[in-house]
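The structure under discussion appears below in the form of C-alpha cells.
The values are calculated or read from the model by the stated rules, or taken from the named source; none is laboratory data. This structure is a prediction, so every number in the text was calculated from the model and none was measured. Here the Cβ positions follow ideal geometry from the backbone for every residue, glycine too, while neighbour counts run over all protein chains shown.
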C-alpha cells in the first residue's frame, strides 16, 4: 500500500483499536499485509493476542472507556485506526446514556415498529 508520494507502510507502526474481531481485525490484517507493524488493541485480551500472533503484531489489552487509566499514556505510532466502540443492545426506547450524555438519534433509521414511540420522525423510511 503506497500513497501517491511513494511512502509505504513497511517499518511504520499502526495502532488499531477494537482490533480483536470484525472490521478492526480486517483492518489490522490489511495493514500487516502491507508491511506495517500492528498493535492489536482490544478489551478482549485473548482475541487481541490471537490476532497479533496470526499477523506478527503486538497485542495490547486495554479498556479504552477507562479514560483515567489512559491519562498518562504515551504511544509512538505512525498510524491510528480508531475503530473501538461500545454498544448497549436494547430496544431504542430504553437506550441508556453513555458517560452521562444523551445519545443522539440524528441519522437513525427508524422502522415501522418505532412509529409513535416518540423517538423521532421516520421521514419516509418507515414504509407505508
Next item on the list: Output the residue which, of all residues in region 50-63 that are crowded, with 18+ Cβ neighbours inside 10 Å and under 17 Å from the mean Cα position of the chain (by Cα), is farthest from residue 28 (Cα to Cα).
Entry: 60
Margin query: Being surrounded by fewer than 23 Cβ atoms within 10 Å (Cβ to Cβ) and farther than 12 Å from residue 61 by Cα is the filter here; which residues of region 16-27 pass it?
Written below: 21, 22, 23, 25, 26, 27
Next item on the list: Out of 76, 72, report the one residue that is out of contact with any strand residue (DSSP E or B) (no Cβ under 9 Å at 6 or more places or on another chain) and at pLDDT 50 or above.
Entry: 72
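Could you say which residue among 99, 85 is at positive phi and either modelled with pLDDT of 75 or more or loosely packed, with under 10 Cβ neighbours inside 10 Å (or both)?
Answer to the selection: 99.
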